[in-house]
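Novice: If you scroll down you'll find the structure; I have some questions about it.
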Amino acid sequence: MIDIPELALVALVGISGSGKSTFARTHFRPTQVLSSDYFRGLIADDENDQSASADAFDALHYVAGKRLAAGRLTVVDATNLQKHGRAELVRVAREHDVLPVAIVLDVPEALAWERTEARADRDFGRPVLARMHRDLRRSVGSLAREGFRKVHVLRGPEAIAAAEIRYERLF
Ligand code: ATP
Ligand code: MG
């Protein structure tokens, strides 16, 4: 059971192919989920255009801030493997007195690669995924220190499939 506050900024953390977007679709309403792919598409007409990432994340953080200001649970569907990117999420959450929460989807690199290879909309090579996996290993231990108030780590596809979200009342 994953306990999260009724009002939270939820950062999904995981390598490509770990199942973040699938998890987001399963557990949250579409409008609650801000995905970096979607914002890249809005900015650049191409969800994979990495050169649009900076603007895409600016826009994503802006919308996240507006949602949190209105008291709406917000989920960030991005790999969130870089410390500086996560720091922005913690900053936006704090700015609105909202708790930042991390849900880590930790799947074996080989499984993520198998899934990624099968996708028409992903064309990076294995070394890129390997680097993500190293970044993930490095990230997991530091999330709490970075300000995430709860860190839920789902290890393996079974744990991810079995996860249920339970909302904690704030008052
Ligand atoms: P990215 O960071 O590249 O956006 P992601 O973490 O969002 O990746 P998904 O798009 O959710 O990953 O999943 C990657 C692929 O794996 C998809 O084709 C999806 O259908 C498949 N997949 C996700 N979860 C499962 C699962 N539990 N069982 C089987 N296939 C899955
Ligand atoms: Mg995705």
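Novice: Among the helices (runs of 4 or more DSSP H) lying completely within region 20-88, list those that include at least 1 residues that are away from ligand 1 (no atom under 12 Å from the Cβ), polar (S, T, N, Q) and touching a strand residue (DSSP E or B) at 6+ places or on another chain (Cβ under 6 Å).
Specialist: On the way: elements: 20-27, 36-44, 53-69.
In region 20-88, no matching helices (runs of 4 or more DSSP H) lie anywhere.
Novice: Could you tell me whether A78 is within 22 Å of R166 (Cβ to Cβ) and within 11 Å of the chain's Cα centre (by Cα)?
Specialist: Numbers: within 22 Å of R166 (Cβ to Cβ): no; within 11 Å of the chain's Cα centre (by Cα): yes.
No; evaluated as a whole, the condition is false for this residue.
Novice: Something else: With respect to R137, is the statement that it is of a type outside the set (G, A, S) and either open to solvent by 70 Å² or more (accessible area, probe 1.4 Å) or in a helix (DSSP H, G or I) (or both) true?
Specialist: Working: of a type outside the set (G, A, S): yes; either open to solvent by 70 Å² or more (accessible area, probe 1.4 Å) or in a helix (DSSP H, G or I) (or both): yes.
When the stated conditions are applied, R137 passes them.
Novice: Follow-up question, since we're still on this one. Using the structure shown, decide if L42 is away from ligand 2 (no atom under 13 Å from the Cβ) and farther than 15 Å from L105 by Cα. Give the derivation first.
Specialist: Values: away from ligand 2 (no atom under 13 Å from the Cβ): yes; farther than 15 Å from L105 by Cα: yes.
Taking the combined requirement at face value, the residue satisfies it.
Novice: From R40, R29, grab the single residue that is at pLDDT 95 or above and within 17 Å of R67 (Cα to Cα). Write out each step before concluding.
Specialist: On the way: R40 fails: within 17 Å of R67 (Cα to Cα).
Criteria check complete, one pass: R29.
Novice: Please pick out the residue among R91, R72, R126, R86 that is away from ligand 2 (no atom under 16 Å from the Cβ), open to solvent by less than 10 Å² (accessible area, probe 1.4 Å) and not small (G, A, S). So that I can check it myself, show each step before the final result.
Specialist: Working: R91 fails: open to solvent by less than 10 Å² (accessible area, probe 1.4 Å); R72 fails: open to solvent by less than 10 Å² (accessible area, probe 1.4 Å); R126 fails: open to solvent by less than 10 Å² (accessible area, probe 1.4 Å).
It is R86.
Novice: Hey, could you check region 103-123 for residues that are modelled with pLDDT of 95 or more and among the acidic types (D, E) and say which is least open to solvent (accessible area, probe 1.4 Å)?
Specialist: D106
Novice: In region 114-140, how many residues are aromatic (F, W, Y) and free of Cβ contacts under 8 Å to residues at least 24 places away in the same chain? Before you say what the answer is, go through the steps one by one.
Specialist: Just the residues of region 114-140 that are aromatic (F, W, Y), to begin with: 124.
Among the residues that remain, those that are also free of Cβ contacts under 8 Å to residues at least 24 places away in the same chain are: none.
Number of matching residues: 0.
The values are calculated or read from the model by the stated rules, or taken from the named source; none is laboratory data. Keep in mind that this is a model prediction, so the values were computed, not measured. Methodologically, a virtual Cβ is constructed for each residue, glycine included, from the backbone with ideal geometry; neighbour enumeration extends over all protein chains shown. Calculation scope for accessible area: heavy atoms of the full protein, side chains included, ligands and nucleic acids excluded. Shrake-Rupley method; radii C 1.70, N 1.55, O 1.52, S 1.80 Å.
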